[in-house]
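First the structure, in the form of structure tokens, and then the observations on it.
What follows draws every value from the coordinates through simple rules; no lab data is involved. All values derive from a computational prediction rather than experimental measurement. Cβ placement follows ideal geometry from the backbone for every residue including glycine, while neighbour counts extend to all protein chains displayed.
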Amino acid sequence: MARFIKPLRARLMNRDKQTASRLKKNNPEDTSWKEQVLSPDLDANLKMIKTILDRCSDVVYREFILAQNEQIRLALIYTDGLADKSQVSDQITKALALEVPMAVPGREISKTGALEFIKQRGLCVNELQQTSKLRDVIRAILSGDSVLLVDGHDIAIVNGTKGWASRAITEPEAEPTVRGPRESFVETLRTNTALLRRKINSPNLKIEVLKLGEITNTDVAVIYVEGIVNPKLVAEVKDRLLEIKVDAVLESGYIEELIEENPWSPFPTVNHTEKPDRVAAMLLEGRVAILVDGTPFALTVPNLFVEYLHAPEDYYERFLYTTAVRVIRFLCVIASLTLPALYIAVVSFHHELLPTTLLLSVAGQREAVPFPVFVEVLLMEMTFEILREAGIRLPRPIGQAVSIVGALVIGEAAVRAGLVAAATVIVVAFTGIASFTFTYSASIAFRLLRFIIMFLSASLGLFGLISGLAFIGIHLCTLRSFGVPYLSPVVPTTGVDLKDVLIRAPLWSMFTRPRLIARQNQKRQEQGLKPAPPETRPEG
């Protein structure tokens, strides 16, 4: 047996050494080629590119001649699946190989003037660039563009031929609305910028694209409205983005975690949304948006706490209804944070706060329950969180059934078995429903803090509840988002901006933009826009 195992082991070790040698030779950490430039020799350029893109089976190489002229050799390189094949075939290959002779009959094209001739009269592509850096050539190929190399020239022509399959624009799933635009961002950056350009049809809308990720080279767009945004804010956003030195940026969450000022705070200081109309509204208030290629979620900064009480359709409905809904949301925020803790404190320590009838009812329900009220509420909260997470992770039809049926069955069974009181189920259920009335990212923070306040209430009663709320308030007062106080315009108080916090004043009365954000241009609209009936004219 050993006679067969020993040669096999030696063969496997030899193969591993060969593999390691090949990987070392093509180690992606070897970045020396990034500083190289192209040479006039077409074969040498192809050899360099093929060495760098070794074992990339989706990269296509096409060599041909210009206008049936054997002296002028060309090479076209693109990535299959990222480049539009019909555009590559019709506007580049066919145009240079077959249609050029018809354009200049009887005229000989020289080798030295071939590059300029191709750019001016040969190619039919709308977007053309040229580069002599090998790094730019590789990046263009892997980004969906096609690169044309001309023998005798050390400059490559980069043709804009991006054309990969992408998801269609659909309704937003995370931010559904009753009234307003029903379109959301997609995973393609240019589609997302086009959606914003449609909303803000102005030359002042600036879109600057950066490359982030040492390996992924992800396109990240910084978007703002010039003349409204504070230039210092734009500079600060760019500086923080350029300081990011990571291998990959696959989603906007990577950037959100790397540019926020308070990473240990449960409250997010960078907002995210998938609705173009919401991003457009924030840009017009002086904010900066960050779009990442490959994700439908956009980031906006600076972010304020009051934004979690707002919904996009607040500005599409009449202000009276919107104000009433915002008050309900505010009460739900308080309930989702404090209701379980208040129930624990009152039942455990402060029985005198309950009316006698209600006190007897709660005592009767808890008579057969074997757990303390804190353990009881904690078990139900954990069960609710598990059902919520299961409903999110499972496919949508199954997830809805699991979350609804699971809550009903488990709650009813727990009450019948005497493990929890009926009042506890009502409190936990109302708290969970209240947390659905505001944005998901804010609800995560309140869900985490809810458990801490529950523990304080179980230990110290109402004193622990009030102390926990005081610490949260102090913490919120210390937070800033790109230099703007997190609780503004409440703390510090800006009287003019209070028109759009808990209440939503009529649109014709909001003359200015947020003062602490739009320092450059605070005027939003002219005064005197209040609707009024026409003046009554005398007859005759």
Relative contact order for the stretch 111-203: what is it in percent, counting Cα pairs under 8 Å that are at least 6 residues apart? 20
Where in the stretch 329-347 does the amide nitrogen come within less than 17 Å of the point 7 Å from the Cα of residue 470, taken along Cα to Cβ? none
So if I place +1 on the C-beta of Lys and Arg and -1 on the C-beta of Asp and Glu, and nothing else carries charge, what would the dipole magnitude of the chain be about its Cα centre? I want it in debye, nearest 20. 680
With a ≥ b ≥ c from the Cα gyration tensor eigenvalues, square-rooted, and the rule rounded for a/c under 1.5, otherwise prolate when a/b > b/c and oblate otherwise, the stretch 409-540 is oblate
What is the chain's relative contact order, in percent, from Cα pairs under 8 angstrom and six or more apart in sequence? 12
What do you get for trypsin sites (Lys or Arg not before Pro) in the stretch 426-515 restricted to DSSP loop and a cutoff of at most 10 other Cβ within 10 Å of the site's Cβ? none
Of 511, 191, 156, which is farthest on the positive side of the dipole of the chain, counting Cα position, with +1 on Lys and Arg Cβ, -1 on Asp and Glu Cβ, and the Cα centre as origin? 156
Lys/Arg +1, Asp/Glu -1 at C-beta; the chain dipole; positive extreme among 489, 286, 69: 69
0 to 90° range, to nearest 10: angle between helix 422-434 axis and the chain longest Cα axis: 40
Just to check I understand the Karplus step: with θ = phi - 60° and J = 6.51 cos²θ - 1.76 cosθ + 1.60, what whole-Hz values come out for the stretch 243-256, glycine and proline as x? 7, 6, 10, 10, 5, 9, 10, 9, 7, 5, x, 4, 5, 4
I'd like the chymotrypsin sites (Phe, Trp or Tyr not before Pro) in the stretch 117-201 restricted to DSSP loop residues with at most 14 other Cβ atoms within 10 Å, sorted by number. 164
Would you mind getting me the FRET efficiency between residue 246 and residue 191? Use the beta-carbon distance for r and R0 = 25 Å, nearest 0.05. 0.50
Pick out, in residue order, every one of the chymotrypsin sites (Phe, Trp or Tyr not before Pro) in the stretch 298-354 that is DSSP loop and has at most 14 other C-beta atoms within 10 Å; say none if there are none. 316
Using label points projected 7 Å from each Cα along Cα→Cβ, tell me how many nm separate residue 352 and residue 112, to one decimal. 10.4
Tell me, how many Å apart are the Cα centres for the stretch 268-302 and for the stretch 124-195? 20
With angles folded into 0 to 90 degrees, how steeply does helix 396-416 sit against the dominant principal axis of the chain? Use alpha carbons for both and round to 10. 20
Longest span of the chain, sites excluded, free of GluC sites (Glu not before Pro) in DSSP loop with at most 12 other C-beta atoms within 10 Å? 368-525
